[in-house]
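The values are calculated or read from the model by the stated rules, or taken from the named source; none is laboratory data. Not measured: the values here are computed from a predicted model. Cβ coordinates were reconstructed from backbone atoms using ideal geometry, including for glycine residues, and neighbour counts include every protein chain displayed. We work out accessible area using only protein heavy atoms, side chains counted, and drop any ligands, DNA or RNA first. Shrake-Rupley method; radii C 1.70, N 1.55, O 1.52, S 1.80 Å.
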Amino acid sequence: MSSEQPTLLSPRILLPFALVTLIWGSTWIVIKGQLGIVPPSWSVTYRFAVAAIAMFAFAVVRRERLLLEPRAMLFAVALGVAQFTFNFNFVYRAEQHITSGLVAVLFALLIVPNTLLGRAFLRTPLEGRFLAGAGIAIVGVGLMILHEYRAAAVGAGEVLVGTALTLAGVMSASTANVMQGTAIARAQSMVVMIAWAMAFGALADGSYAWVTTGPPVIEPTAVYLGGVFYLGIIASAVTFPLYFNVIRAVGPGQAAWSSVLIPIIAMGFSTAFEGYRWATLSIAGGVVALVGLVIAVAKRPERPSVSGNMVSIAVEPDS
């Protein structure tokens with residue numbers, strides 16, 4: 001029986017990882033339809049209120065126990081505030097200052113804190129191959145950031161504010177990602193834990209929205225309401241359990257490769273629906289990022305090792 005550590009290329013990991021990445025790659029266009037009449041904090045509130053209801057409904061269908069022990073409930077509060085309040089409020093506000101493309105590309109840097117924090121708090125092993133691939137990918141991300149920065153039709157001050165908000169969102173998301181890899185998170189039902197985290201996140205979102213912008217505001221249009229339900233159900237209730245399971249299986253560093261691929265997918269959607277035109281830098285950056293991904297997750301070479309009359313397969317160690 002094999003005890004080989006799963007990677008992103010393992011079928012049971014690759015399929016949910018690919019689905020999550022594809023769906024999240026589509027959200028950047030949808031989020032743009034959430035900005036306008038409704039303050040961003042209320043849009044975030046509606047998204048995760050819908051998501052929490054969907055998650056609790058799923059838990060009921062599965063006949064899971066809905067209550068968590070007090071310690072786990074406090075953990076759900078912290079997880080919800082980090083992932084579903086701070087992270088998304090920072091992201092939605094960043095898109096008020098810079099383009100969604102630049103926000104998406106900046107978020108690709110999630111692989112850096114995820115890898116470092118995963119190593120520091122979860123003792124996630126780091127291999128030379130993974131670090132080399134991640135370094136190459138970051139160069140590719142840098143090229144895409146440079147292109148989006150040059151294309152942004154806003155002043156330097158707006159770019160600075162938008163970048164700072166995005167990086168704050170990156171750190172919030174990374175904190176939540178690492179929390180999902182801890183022992184207390186693994187001991188809970190994934191569905192129930194995320195349902196409570198989304199509920200607490202929505203409550204914090206709504207409280208912040210009311211204090212800072214006043215009573216709830218809604219835009220009764222098909223585009224806005226459709227966006228809320230798409231983001232709440234498909235892009236949250238469906239994807240977060242899948243993504244957090246990937247984190248639990250392969251660690252936050254490998255899972256963060258989704259953030260590297262998402263900008264490329266987002267640009268693809270923008271090409272199809274918004275007439276986005278690829279430039280040399282964006283193409284080069286995407287290619288370099290993909291090369292880095294292949295290097296990072298490719299299976300290590302094997303060589304036959306002879307011991308007496310027994311022949312075994314030995315894995316070449318990374319330097």
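Numbers for the structure displayed
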item	result
Failed condition for SER207, given (1) of a type in the set (Gly, Ala, Ser); (2) buried (at least 17 other Cβ atoms within 10 Å of the Cβ); (3) in a helix (DSSP H, G or I)	(2)
Evaluation of VAL38 against (1) of a type in the set (A, V, I, L, M, F, W, C); (2) open to solvent by less than 40 Å² (accessible area, probe 1.4 Å); (3) touching a helix residue (DSSP H, G or I) at 6+ places or on another chain (Cβ under 6 Å); (4) not in a helix (DSSP H, G or I) (one fails), failing number	(3)
Flag if TRP278 is at pLDDT 95 or above and open to solvent by 70 Å² or more (accessible area, probe 1.4 Å)	no
Yes/no for SER26 being assigned to a helix (DSSP H, G or I) and modelled with pLDDT of 90 or more	no
Within region 134-188, considering residues that are in a helix (DSSP H, G or I), open to solvent by 10 Å² or more (accessible area, probe 1.4 Å) and among the polar types (S, T, N, Q), the one nearest to ARG248 (Cα to Cα)	THR175
Any hit, region 230-246, residues being at pLDDT 90 or above, more than 22 Å from the chain's Cα centre (by Cα) and either buried (at least 16 other Cβ atoms within 10 Å of the Cβ) or among the aromatic types (Phe, Trp, Tyr) (or both)	no
Residue in region 212-223 that is open to solvent by less than 10 Å² (accessible area, probe 1.4 Å) and small (Gly, Ala, Ser) present	no
Neighbours by Cβ (under 9 Å, 6+ apart or cross-chain): first from region 81-101, within 14 Å of GLY206 (Cα to Cα); second among the charged types (D, E, K, R) and assigned to a helix (DSSP H, G or I)	PHE84/ARG47; PHE84/ASP205; THR85/ASP205; PHE88/ARG47; PHE88/ASP205; ASN89/ASP205
Sole exception among (1) more than 24 Å from SER26 (Cα to Cα); (2) surrounded by 20 or more Cβ atoms within 10 Å (Cβ to Cβ) for GLU95, by number	(1)
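So that you can scan it fast, the table gives a plain yes or no per residue for (1) assigned to a helix (DSSP H, G or I); (2) touching an Asp or Glu at 6+ places or on another chain (Cβ under 6 Å); (3) not β-branched (Val, Ile, Thr):
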position: THR45; (1), (2), (3): yes, yes, no
position: VAL50; (1), (2), (3): yes, no, no
position: VAL91; (1), (2), (3): yes, no, no
position: LEU102; (1), (2), (3): yes, yes, yes
position: LEU106; (1), (2), (3): yes, no, yes
